[in-house]
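The structure appears right after this line, and notes come after that.
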Amino acid sequence: MDLVSIVTPALDAARFIPQTLAGVRAQTYPDVEHVVVDGGSRDGTAALAEAAGARVIVVPGLGQAAAVNRGVAEARGEVVMILNADDLLYPHAAASLAGALAREPHAVAAYGDAVHVGEQGETIAAYPTLAFDPDAFLESCYICQPASAVRRSAFVAAGGMDERLELALDYDFWIRLARRGRFTRVGEVLAASRMHRDNKSLARRGGVYREVARVLRAHYGYVPYTWSFAYASWLLQRTDGFFEPRRASRAAVLGALALGLWLNPRRPLRTVRDWYGHRARR
């Protein structure tokens, strides 16, 4: 039975980390270690993690990607899960993911379904998980990070998290890892991704879109309509796309075309066809 190492990057996370820690302690899998890498919290995060039995590493100024990489380097397990300090694991998560990897020795990662929850832990919506398809990452990041596990050897071989990224690091990692091998999917809800106004991916929405565009251009040489429309909608409407749904206004649709052409200067025909195809389906 493989040891499962759960790595949590944390910074000033005292508001939510007690629930995250409780979820790790409640795992039914018998061999779990929890490594919390604290970037220099000033709110007692490290003390809370230590009191809950986690192994805590404090490195002031460490960014999220670097904290994940440091945690994986310090971890002892061959199966690694990355759990942010405001997300939740359900009790059977580690057991289901470790079991899936044991049954599929050639898979580099395993993932399950997940839900979005709010500040009080209330379920808001299902996470839009899809069947594994490396090409589908062009359109969306369809794997929920806390509901996944990676073989440590595969994490290292893929180069770990890109420490130049702040907001799309998991998306970039899945794209790179999917080129090294296949993922196996578990048909169970394993975790919850917490969505709240202070959530980094919502509070810094413009930065998310800019970084996603950078990642997609680096890996695919193209930013599809789904992302150019989301980015254009944010620029024009300042909606976060989650609590405040995007409106397919004429300005947003035309803005998506203009933005797509700007983001894809070497792919103008593909951009126009992509834009027209989405508009025709609507």
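List of remarks:
- Cleavage-rule hits (trypsin sites (Lys or Arg not before Pro)) in region 45-118: DSSP loop, at most 12 neighbouring Cβ within 10 angstrom: Arg76
- Bridge type composition, the chain - antiparallel percent by DSSP, nearest 5: 30 percent
- Rolling a 1.4 Å probe across the protein heavy atoms gives region 215-282 an accessible surface of 59 Å² per residue.
- Sum of -39500 (n - 2.57) over DSSP H runs of 4+, divided by residues of the chain (222 nm, nearest 500): -12000 deg cm²/dmol
- Options Trp275, Ser249, Thr239, ranked by Cα towards positive dipole end of region 172-277, top entry (Cβ charges): Trp275
- Considering only Ala98, Phe132, Ala157, the residue lying farthest towards the positive end of the dipole of the chain is Phe132, judged by Cα position with unit charges set on Cβ.
- Solvent-accessible area of Glu74, all protein chains in place: 70 Å² (probe radius 1.4 Å, heavy atoms, ligands and nucleic acids excluded).
- Electrostatic dipole magnitude of the chain [Cβ: Lys, Arg +1; Asp, Glu -1; Cα centre; debye, to 20]: 1440 debye
- Label zone (Ser249, point 7 Å along Cα-to-C-beta; backbone nitrogen cut-off 20 Å) within region 201-225: 205-207, 209.
- Sequentially through region 30-36, phi angles give Karplus couplings (6.51, -1.76, 1.60; θ = phi - 60°) of x, 10, 10, 10, 10, 10, 9 Hz, Gly and Pro residues having no value and appearing as x.
- Accessible surface of region 1-97 [probe 1.4 Å, protein heavy atoms]: carbon and sulfur percent: 53 percent
- Amide H partners (placed H, <5 Å) of Ile124, local residues excluded: His116, Val117, Gly118
- Probe 1.4 Å, protein heavy atoms only - accessible area per residue of region 1-118 in square angstrom: 38 Å²
- Debye log10 I(q)/I(0) at q = 0.11, 0.15 Å⁻¹ for the chain, Cα point scatterers: -0.64, -1.15
- Rolling a 1.4 Å probe over the protein heavy atoms of region 219-282, with every protein chain left in place, gives an accessible area that is 58 percent carbon and sulfur.
The values are calculated or read from the model by the stated rules, or taken from the named source; none is laboratory data. Note that the coordinates shown come from a computational prediction; the quantities given were computed from them, not determined experimentally. All Cβ positions, glycine included, derive from the backbone under ideal geometry; neighbour counts span all protein chains shown. Heavy atoms of the whole protein, side chains included, go into the accessibility calculation; ligands, DNA and RNA do not. Shrake-Rupley method; radii C 1.70, N 1.55, O 1.52, S 1.80 Å.
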